[in-house]
Structure formats: C-alpha cells, structure tokens
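Student: What follows is a structure written as structure tokens; I'll ask about it next.
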Amino acid sequence: SGKAVGTGTIQYLTHEMDQQFTRKVQLERSLFTALEDGAFSLAYQPIINLKTRRVNGFEALLRWNHTALGSIPPAEFIPLAEEAALITPINNWVVLEACEQLAEWQQTIDPKLTMAINISPHQFQSDSFIRTLQHLISNKIISPRSVTLEMTENIAILQTQRTLERMQLIKSLGFRLSIDDFGTGYSSLQYLSAFPIDELKIDKTFIDGIDVGNVGLLDSIIQLGRNLNLNLVAEGVETSSAEAYLKTTSCQQMQGFIFAKPLSVDEVDKRFNSSTS
Ligand code: C2E
Ligand code: MG
Ligand code: MG
Ligand code: MG
C-alpha cells in the first residue's frame, strides 16, 4: 500500500507540473501580442514625504490583464518577458505611458509631482531605451528631473564599466537614478560611491523588521544613505508604528499600503485631482 500512495503522489505532482507548464506556455504565447492587444495598464502608487505626508509623486507599476487567465502579477510575467526578449518594448511602452500620465497630472494636480519607473536589466542596456528617453526630452513631454529610473542592485554588479557609462549617459540626459529593493541583492559598497545614483529604496524586509524590534540593518542603511547624500525611500510601509519609527530617522520618503495601494488613473484622479471632482 506504501507503493500505491507513492505512485499517486508522483502522479499528482506530475499533473501539477503539467498545469504549471501549460500556464507558462500560454502566458508566453500571449505576451507576444499583449502590447498591441492593449492588455497592459499601469497602476500608480503614491510616494509621500514622511514628515508632511504630502504626495511627492508616484511609482508606475505594470499590470497585465490576460483575457483568459485574468490579472497576472508582474513577479510572474516579467521574468517570462525577460526570457522571451520582450521586456524592452514592453518597458519602453511603460516609460512613455507613465511620463505622459505624469505630464497630465503635473497640469491637473501639482506641477512638482514626480514619477518613478522600474527599468529591467535588458532594457537598461538597450539603445531603444536611450532613444525613448531622448524622445521624452526632444518632444518636451516631461522634464527629466521629475523622472526617477529605478533599477535593482543586480544591474550594478554586472559589467561594471559598461554599466557606469550607461548610468552616466542617463544622468547626462537629466534623469534621476534609484536603486530598488536596496539591501537584498549583491550589495557592494564600492558601486554605491562609484555610480551616479540619487536614491536608495530600502527594501520592505528591513521595514518589516521595525515591528519586531529588529532595526539594526535598517539604521545602518539609513546612516549609509545619509553619509553618501542619497535620497532615501522606505518601501512597503504597512503599519503606523513603522511609519512613526521612520519619521524619527533621516529617511525622507515612504511608499506603502499604510498610505495607499497602487491606484488606477481614475482612483488617482478621484483622490488627488480636485479640479476634476
Ligand atoms: P518594486 O519596484 O519593488 O515595487 C513595489 C512592489 O511592492 C509593488 O508590487 C507594490 O504593489 C508592492 N507594495 C507597495 N507597498 C506595499 C505594502 O505596503 N505591502 C506590500 N505587501 N506590498 C507593497 P507589484 O506591483 O506586484 O510589483 C512587483 C515588482 O514587479 C516590482 O517591485 C518591480 O520589481 C516589478 N515591476 C513592476 N512594474 C514593472 C515595470 O514596469 N517594469 C519592470 N521591469 N518591473 C516592474
Ligand atoms: Mg520599484
Ligand atoms: Mg522595490
Ligand atoms: Mg521588488
């Protein structure tokens, strides 16, 4: 009977693996046309000043509504898009869309609003990405100073010289650079001072530590950012106690469910846009 149970378990696992594989193939196939199908949209999460709770800007977060499978989380489809070499056109669309939305909100909500956009490693190295940035400037869609490009630490450790030149090029166009999920990747303290970075986004895992009294690493990161004269943003702030603690530090900004989840354009307009309500 032991053998029968074992066989059943294997059959069950195989069936589950089959289903996962089928889903992956189905998603990959749909990814090729998702952009032209208009299946992508952006959600916008407010980034606020910790001291005043004023909205400084938003982070654009990609959403994919699949006709058959519903809403697919970015953690699932972005790796697939990277594998299929589709991330660069998709993410160039994100850059354009988010900047056009920013231009509108600077008119209707607040001219000082900023936009943070996630950049993938492939996109970062591509010429079409640089052309997209140049297009934003030459067509005067936004001022590059109001746009922050977020990249993970893993970009920074790869091909150091080339990465440095890329960052310098993007900085020379006037855009701000931020390191996302800071503290979770292969951190090298050397790249932090070598690269022209404006900001660190402190990963949620360090913020979660506040509620269990574990602030040692968080305090070190804040001290480091302060010493390097970098803007600091706390990610994933969910509790009022975490917000209260951060307020006592030199971290300037936060983003998290305690203030707002990622919002649709309509939700942002309702919540912040007094001129259209
Ligand atoms: P990220 O850039 O670190 O974005 C923050 C993620 O944390 C978002 O998840 C956001 O919804 C979530 N979040 C914000 N506040 C809280 C909170 O208080 N609690 C919790 N539990 N979560 C919070 P999302 O939208 O699922 O995005 C996941 C990741 O997918 C992003 O992490 C980013 O790495 C990637 N991503 C999203 N949009 C894009 C994009 O346009 N291009 C690229 N390359 N990557 C993207
Ligand atoms: Mg981000
Ligand atoms: Mg992050
Ligand atoms: Mg992340």
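The values are calculated or read from the model by the stated rules, or taken from the named source; none is laboratory data. Only a predicted model underlies this, so the values are computations on that prediction, with no experimental measurement involved. Glycine gets a Cβ as well: all are built from the backbone with ideal geometry, and neighbour counts include every protein chain shown. Side chains included, ligands, DNA and RNA excluded: accessible areas come from the protein's heavy atoms. Shrake-Rupley method; radii C 1.70, N 1.55, O 1.52, S 1.80 Å.
Student: Find how much the distance from residue 265 to residue 18 grows on full extension, using 0.36 nm per residue of separation minus their present alpha carbon separation; answer in nm with one decimal.
Tutor: Length gained, residue 265 through residue 18: 85.2 nm.
Student: With n ≥ 4 as the cut-off for DSSP H runs, can you work out [θ] at 222 nm for the chain, using -39500 (n - 2.57) per run divided by the number of residues, rounded to the nearest 500?
Tutor: -15500 deg cm²/dmol
Student: Further question on the same structure: Using DSSP loop states and a limit of at most 13 other Cβ atoms within 10 Å to flag chymotrypsin sites (Phe, Trp or Tyr not before Pro), what is the longest stretch of the chain containing no flagged site?
Tutor: Formally, the longest exposed-site-free interval is 1-185.
Student: Mind telling me which of 248, 108, 184 comes out most flexible in a GNM of the chain, alpha-carbon contacts under 10 Å?
Tutor: 248
Student: Mind checking which of 65, 49, 227 has the largest fluctuation in a GNM of the chain, springs on alpha carbons under 10 Å?
Tutor: It is 227.
Student: If you roll a 1.4 Å probe over segment 111-246 with all protein chains in place, what percent of the accessible area is carbon or sulfur?
Tutor: 52 percent
Student: Per 0.36 nm of contour for each residue apart, how much would the distance between residue 162 and residue 135 grow if the chain were fully extended, relative to their Cα-Cα spacing?
Tutor: Fully extending the segment from residue 162 to residue 135 adds 7.5 nm.
Student: Now, a different point. Suppose the chain between residue 65 and residue 84 were pulled fully straight at 0.36 nm per residue; how much longer would it get relative to their current alpha carbon spacing?
Tutor: 5.0 nm
Student: So in the chain, what percent of DSSP beta bridges are antiparallel if you round to the nearest 5?
Tutor: Antiparallel bridges: around 40 percent, rounded to the nearest 5.
Student: May I pose another question? Find the accessible area per residue for the chain; the probe is 1.4 Å, ligands and nucleic acids are left out, and the unit is Å².
Tutor: 51 Å²
Student: Run the simple label-point estimate for residue 241 and residue 223 please: 7 Å along Cα→C-beta, distance reported in nm.
Tutor: 2.4 nm
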